[in-house]
Amino acid sequence: MSSKNSLTFTRIGIYIILAIILIITIVPIWMLLVNATRSTTEIQNGIGIFPSSHMFENYNILVGKGLDLPRGFFNSLIIALSTTLVTVYFAFLTGYGIVAYQFKGKNIFFGAILVLILIPLQLSIIGYFRFMSKIGLADNYLSLILPSIAAPAAVFFAKQYLESIVIPDLIDAGRVDGCSELGIFHRIMMPIAMPGAFTLALFTFVASWNNFFNPYILISSRDKYTLPMLIQTLRGDVYRPEFGAIYFGLAASIVPIIIIYFLFSRFIVNGISMGAVKE
């Protein structure tokens, strides 16, 4: 009986801790969204927990000061979607090659991928910028999308996930039926790996959407600015007195991420749980 009571108290304690963590996580986001609907005067008067009616007014202030949020949203969406598609496809294609085939230097190749994960991006960005400038891709979205073909962390994730679902007999059956190697990957492996692909796609989309460093280095034309780059301009003096408008701009950058997460979060659970169990 005492052990049962102890277990009950332990569960209650865990629930309390989780509730506290949830509150700590949710409250700042909620306050950001609320302040996006409040005027500067209301924000200066104190904290509010309920939305106000000045959202469109804050948007008009940003538009009046030359901040093109729809354009920034479109730019970020194009880059994020393209990066996600390229990353997921080539990561799983590479991971499948590592898992399904035996070739000389396989362990060295995978070890090199692990080393690349550990190298900070800042160490190579200057050389990459000079290379893009020489081939005429500076200030071009391709300079942000092309590196996704060889994303080491994504390849590592795909390889680890595919190790748990690749069935050699299924591959052999596809070959017997006359399917090509790429056909086996596209028609057999990828449908099976969709939970993991969705998981990687969600993480990649969020990372690309929030990416500020790479576009800041490689993109110079204002009409090509991504949403995080436009949000960075809100720190300028021209926006300093307009707290409501600043909050609206910040909220505009996180709302799509919140929507994407709620729509596809179940794939994270399914993808991770399936990839964690080896047959």
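The values are calculated or read from the model by the stated rules, or taken from the named source; none is laboratory data. Computed from a prediction, not measured in an experiment: that's the story for all the values here. Glycine also receives a Cβ, built like all others from the backbone with ideal geometry; neighbour counts cover every protein chain displayed. Just so you know, the surface numbers come from the protein's heavy atoms only, side chains and all, with ligands and any DNA or RNA stripped out. Shrake-Rupley method; radii C 1.70, N 1.55, O 1.52, S 1.80 Å.
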(request) For the stretch 186-199, indicate whether the set of residues that are open to solvent by less than 60 Å² (accessible area, probe 1.4 Å) and free of Cβ contacts under 8 Å to residues at least 24 places away in the same chain is non-empty. (result) yes
(request) Please find, within the stretch 39-68, the residue that is nearest to LEU250 (Cα to Cα) out of those that are in a loop (DSSP other than H, G, I, E, B) and either in contact with a strand residue (DSSP E or B) (Cβ under 9 Å, 6 or more places away or on another chain) or open to solvent by 60 Å² or more (accessible area, probe 1.4 Å) (or both). (result) ASP68
(request) Being in the same structural domain as LYS224 (by TED's automatic domain parsing) and either open to solvent by 40 Å² or more (accessible area, probe 1.4 Å) or more than 30 Å from PHE205 (Cβ to Cβ) (or both) narrows it down to one of LEU33, LEU77, LEU18, LEU7, so name that one. (result) LEU77
(request) Taking only the stretch 88-130 into account, find how many residues are in contact with a Ser or Thr (Cβ under 9 Å, 6 or more places away or on another chain) and either of a type in the set (Ser, Thr, Tyr) or open to solvent by 80 Å² or more (accessible area, probe 1.4 Å) (or both). (result) 1
(request) Return a yes/no flag: does the stretch 170-179 have any residue that is within 24 Å of the chain's Cα centre (by Cα) and either loosely packed, with under 15 Cβ neighbours inside 10 Å or assigned to a helix (DSSP H, G or I) (or both). (result) no
(request) Taking the options PRO191, PRO168, name whichever one is out of contact with any helix residue (DSSP H, G or I) (no Cβ under 9 Å at 6 or more places or on another chain) and either modelled with pLDDT under 85 or assigned by TED's automatic domain parsing to the domain that holds ILE149 (or both). (result) PRO191
(message) Take the conditions buried (at least 18 other Cβ atoms within 10 Å of the Cβ), modelled with pLDDT of 80 or more and assigned by TED's automatic domain parsing to the domain that holds VAL86 and apply them to LEU218. Does it pass?
(response) yes
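So that you can scan it fast, the table gives a plain yes or no per residue for (1) aliphatic (A, V, I, L, M); (2) outside any helix (DSSP H, G or I); (3) within 24 Å of the chain's Cα centre (by Cα):
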{"position": "ILE23", "(1), (2), (3)": "yes, no, yes"}
{"position": "THR37", "(1), (2), (3)": "no, yes, no"}
{"position": "LEU81", "(1), (2), (3)": "yes, no, yes"}
{"position": "VAL88", "(1), (2), (3)": "yes, no, yes"}
{"position": "TYR96", "(1), (2), (3)": "no, no, yes"}
{"position": "PHE110", "(1), (2), (3)": "no, no, yes"}
(request) Being under 30 Å from MET229 (Cα atoms) and modelled with pLDDT of 85 or more narrows it down to one of LEU93, LEU144, LEU123, LEU162, so name that one. (result) LEU144
